[in-house]
1. Please indicate, with yes or no, whether at least one residue in the stretch 95-106 is in contact (Cβ under 8 Å) with a residue 12 or more places away in the chain, over 19 Å from residue 142 (Cα atoms) and surrounded by fewer than 14 Cβ atoms within 10 Å (Cβ to Cβ).
2. Could you list, in sequence order, all residues of the stretch 128-141 that are buried (at least 20 other Cβ atoms within 10 Å of the Cβ) and modelled with pLDDT of 90 or more?
3. Taking the stretch 114-136 only, how many residues are under 12 Å from residue 66 (Cβ atoms) and either among the basic types (Lys, Arg) or not assigned by TED's automatic domain parsing to the domain that holds residue 78 (or both)?
4. Please state which one of 79, 51, 41 is more than 21 Å from the chain's Cα centre (by Cα), modelled with pLDDT of 85 or more and charged (D, E, K, R).
5. For the stretch 10-59, give me each residue that is of a type in the set (Val, Ile, Thr) and assigned to a helix (DSSP H, G or I).
6. Go through the stretch 13-53 and give me each residue that's surrounded by fewer than 10 Cβ atoms within 10 Å (Cβ to Cβ) and within 30 Å of residue 137 (Cβ to Cβ).
7. Can you confirm whether the stretch 107-122 contains a residue that is of a type in the set (Gly, Ala, Ser) and either at pLDDT 90 or above or loosely packed, with under 12 Cβ neighbours inside 10 Å (or both)?
8. Out of (1) within 24 Å of residue 156 (Cα to Cα); (2) not assigned by TED's automatic domain parsing to the domain that holds residue 152, what's the single condition that is false for residue 111?
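The values are calculated or read from the model by the stated rules, or taken from the named source; none is laboratory data. Computed from a prediction, not measured in an experiment: that's the story for all the values here. Neighbour counts are summed over all protein chains in view; Cβ atoms, including those assigned to glycine, are modelled from backbone coordinates with ideal geometry.
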Amino acid sequence: MKQYLDLQKDIEDYKDNEEALTATLLYHLCGLDPMILPQLDMSILQGIKEDLNGFLDNTDYPLQKFIQIDGLEYGFEPDLSNISYGAYLDITKFDELTIDTNWPYIMNILYRPIVKKTGALYAIEPYKGNADKDTDKWLDIDMEFHFGVFFYFLTLLMDLYQGILNSMKKQPNLPQGFKQILEESGKVTEQLKHSLMGTSLK
């Protein structure tokens, strides 16, 4: 993840220079020194670019509920519909739910040490408001893991939007206070919407 964040920073810095952007991608994702790029055959460079585009366009990463870090097993929040109020408040502090420098804090909220496990069922430690503790442990985790969490929420968002649209079509007379309910519970939805727009643009 540390490499990914460095890549994102460089992409932002060189977004207006296509040649520098290509060199940045090849450096971060392939380990190619920018100085050797002019020496590469055009067909080889084009082939590498096509492979990179295929990799970057992939959104098929599954959510992994468990992860071992330094001998401790962490589990994904098993009941998002009943997530603690403190955890919800801490997640909604961020403008966006996207993989940026705030992502390790969000991971600390969503993944907590497992205290009990029976078959497919498990329980994790209660949230103690410590999202800012030991965030560096997420920086060495493979991006496939992080993408699995991120795209899980984007898929939920799309399903939610579709469900709301279908519900509104079937029920033209909305219940009293429906708009207020959506506004009050829509903070995380709004954060994810910004992320989805950013992802689509990239």
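1. Just the residues of the stretch 95-106 that are in contact (Cβ under 8 Å) with a residue 12 or more places away in the chain, to begin with: 95-101, 103-106.
Narrowing the set further to residues that are over 19 Å from residue 142 (Cα atoms) leaves 95-96.
In the following step, the residues that additionally are surrounded by fewer than 14 Cβ atoms within 10 Å (Cβ to Cβ) were identified as 95.
The answer is yes; a qualifying residue exists.
2. Step one: filter the stretch 128-141 for residues buried (at least 20 other Cβ atoms within 10 Å of the Cβ), giving 131, 138.
Residue satisfying the conditions is 138 alone.
3. Step one: of the stretch 114-136, the residues under 12 Å from residue 66 (Cβ atoms) are 114, 117, 120, 122, 124.
With the extra rule that they be either among the basic types (Lys, Arg) or not assigned by TED's automatic domain parsing to the domain that holds residue 78 (or both), the set shrinks to 117.
Of the residues in that region, 1 qualify.
4. Numbers: 79 fails: more than 21 Å from the chain's Cα centre (by Cα); 51 fails: modelled with pLDDT of 85 or more.
Going through 79, 51, 41 in turn, just one is more than 21 Å from the chain's Cα centre (by Cα), modelled with pLDDT of 85 or more and charged (D, E, K, R): 41.
5. Step one: filter the stretch 10-59 for residues of a type in the set (Val, Ile, Thr), giving 11, 22, 24, 36, 44, 48, 59.
Within the stretch 10-59, 11, 22, 24, 36, 44, 48 meet the criteria.
6. 31
7. Within the stretch 107-122, the subset of a type in the set (Gly, Ala, Ser) is 119-120.
Now narrow it down to the ones that are either at pLDDT 90 or above or loosely packed, with under 12 Cβ neighbours inside 10 Å (or both): 119-120.
Yes, some residue in the stretch 107-122 is of a type in the set (Gly, Ala, Ser) and either at pLDDT 90 or above or loosely packed, with under 12 Cβ neighbours inside 10 Å (or both).
8. Failing condition for residue 111: (2).
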